[in-house]
Amino acid sequence: MRQAVAIANSNVALAKYWGKRNESLNLPYTGSISITLAGLSTRARVRFGIERNHDRIVLNGEQAVNSPAYVIRQFLDHVRQAAGEKAAAELEIRSNFPVAAGLASSASTFAALALATTSALGLSLSPRELSALARRGSGSAARSIFGGYAEWLAGEADDGSDSYAVQLAAPEHWRLGVVVAITDLARKPVGSREGMAHALKKSPFFPAWLESHEADLAAVRQGILDRDLAVTGQAAERNCLKMHAASMAASPPLLYWKPATLAVMHRVLQLREEGTAAYFTIDAGPQVKIICPWPQRDTVAAAIREVPGVRSVLLSEPGGAAELVECA
Ligand code: PMV
């Protein structure tokens with residue numbers, strides 16, 4: 001029996017991935033940039049060579065079924081093929097934060113799985129190769145291989161060989177506070193996979209989303225390199241609103257926000273008027289992530305906790321790279 005355990009952090013995109021040029025390889029139309037989130041992590045234990053014909057996948061204590069099970073099996077098949085392996089696998093995957101509610105559990109899950117599965121099978125991959133592999137499970141996972149600030153390069157090749165993430169800056173480069181407002185714990189009705197495919201096909205605003213993305217990406221990147229929160233924050237807010245506007249304009253509409261999502265956005269704008277540098281972003285769900293200077297995280301968190309409809313508030317900051325914790 002060969003087994004390995006790996007842990008990876010989730011991430012929040014400041015310049016987002018929303019739309020695939022190739023669905024089966026998870027190749028994006030655009031580049032994207034994220035912060036890897038300390039403390040919001042997924043642990044994956046993988047065992048190969050067990051006495052059974054089928055993979056067994058336990059996700060947060062329950063046997064995985066339907067779409068999550070299918071996507072993970074496909075990923076396993078891809079890794080097995082790369083390693084020339086035939087054996088079935090047993091997987092135990094556990095995230096320490098609300099899953100499938102817009103907190104990017106797929107990012108940390110597939111980053112942890114990429115590292116655990118390849119280590120268990122004796123493949124030694126570079127961070128770039130691991131990132132390209134994690135991408136096959138879930139696009140955003142390409143970025144969670146790295147700590148701090150990561151940029152996923154969209155690439156141009158049809159086979160995806162130039163579509164992987166790189167580290168833009170280490171966590172120590174810029175200690176931002178990341179305040180996560182949980183406004184709803186229900187499983188999101190439309191996952192990112194279906195959501196982005198729908199917006200691509202059915203939104204008249206999708207071309208505008210793509211056309212204006214490059215400028216946001218450049219501003220988010222430059223702001224990170226210069227540690228300029230106004231530059232990064234404004235570009236991140238703009239980019240988030242455009243992604244959601246394009247999705248809302250689809251037919252039928254795709255609306256991820258809840259009333260409390262909007263209430264938090266207004267509170268963040270008000271905080272700025274009161275002199276606190278805080279900026280929001282929202283992925284494919286109702287939760288709001290707010291970036292602010294590290295010393296102001298408690299002030300921001302306290303203000304957000306008071307917003308009606310906010311269920312809880314999590315505190316994070318730029319965290320570390322995916323890590324192998326056991327390999328035997
Ligand atoms: O990696 P996926 O397929 O779960 O898509 C992630 C999409 C967003 O979270 C909305 C944006 C992003 O870049 O992470």
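Points to keep in mind about this one:
- Strands (runs of 3 or more DSSP E) enclosed by segment 1-58 - at least 3 residues per element that are surrounded by 24 or more Cβ atoms within 10 Å (Cβ to Cβ), of a type outside the set (A, V, I, L, M, F, W, C) and under 12 Å from the mean Cα position of the chain (by Cα): 2-15, 32-48
- Residue match in segment 264-275 (condition: at negative phi and of a type in the set (Gly, Ala, Ser)): no
- Test result for Arg175, surrounded by fewer than 24 Cβ atoms within 10 Å (Cβ to Cβ), among the basic types (Lys, Arg) and at pLDDT 95 or above: yes
- Among residues of segment 221-243, those that are more than 14 Å from the ligand (Cβ to nearest atom) and either within 14 Å of Val288 (Cβ to Cβ) or β-branched (Val, Ile, Thr) (or both), counted: 5
- Extreme residue, nearest to the ligand (Cβ to nearest atom), among residues of segment 6-51 that are β-branched (Val, Ile, Thr) and either in the same structural domain as Gln234 (by TED's automatic domain parsing) or touching a Ser or Thr at 6+ places or on another chain (Cβ under 7 Å) (or both): Val12
- Test result for Arg227, in contact with a Phe, Trp or Tyr (Cβ under 7 Å, 6 or more places away or on another chain) and surrounded by fewer than 15 Cβ atoms within 10 Å (Cβ to Cβ): yes
- Residue within segment 259-273 that is over 23 Å from Ala170 (Cα atoms), crowded, with 23+ Cβ neighbours inside 10 Å and among the polar types (S, T, N, Q) present: yes
- Selected residue [in the same structural domain as Arg80 (by TED's automatic domain parsing), closer than 21 Å to Leu324 by Cα, within 13 Å of the ligand (Cβ to nearest atom) and not in a helix (DSSP H, G or I)] from Gly122, Gly139: Gly139
- Residue within segment 74-85 that is within 13 Å of the ligand (Cβ to nearest atom), crowded, with 16+ Cβ neighbours inside 10 Å and not in a loop (DSSP other than H, G, I, E, B) present: yes
- Taken across segment 151-171, residues that are within 16 Å of the ligand (Cβ to nearest atom), outside any loop (DSSP other than H, G, I, E, B) and touching a Leu at 6+ places or on another chain (Cβ under 6 Å) do occur, with at least one present.
- Scanning segment 220-245 for residues that are free of Cβ contacts under 8 Å to residues at least 24 places away in the same chain and either of a type in the set (S, T, N, Q) or under 18 Å from Trp152 (Cα atoms) (or both) yields Gln222, Gly223.
- Residues considered: Ala181, Ala169, Ala215. Of these, the only one that is at pLDDT 95 or above and within 26 Å of Glu306 (Cα to Cα) is Ala181.
- Residue list for segment 173-194, filter: within 20 Å of the chain's Cα centre (by Cα) and either under 21 Å from Leu153 (Cβ atoms) or among the basic types (Lys, Arg) (or both): Trp174, Arg175, Arg187, Lys188, Ser192, Arg193
- Residue satisfying all of: in segment 288-299; among the hydrophobic types (A, V, I, L, M, F, W, C) and farther than 10 Å from Val180 by Cα; surrounded by the fewest Cβ atoms within 10 Å (Cβ to Cβ) among these: Trp294
- Of the residues making up segment 195-204, at least one is under 25 Å from Ser312 (Cβ atoms), touching a residue at least 40 places away in the same chain (Cβ under 8 Å) and under 19 Å from the mean Cα position of the chain (by Cα).
The values are calculated or read from the model by the stated rules, or taken from the named source; none is laboratory data. All figures in this text were calculated on a predicted structure; none of them were measured in a lab. Virtual Cβ from ideal backbone geometry, glycine too; neighbours counted across all protein chains shown.
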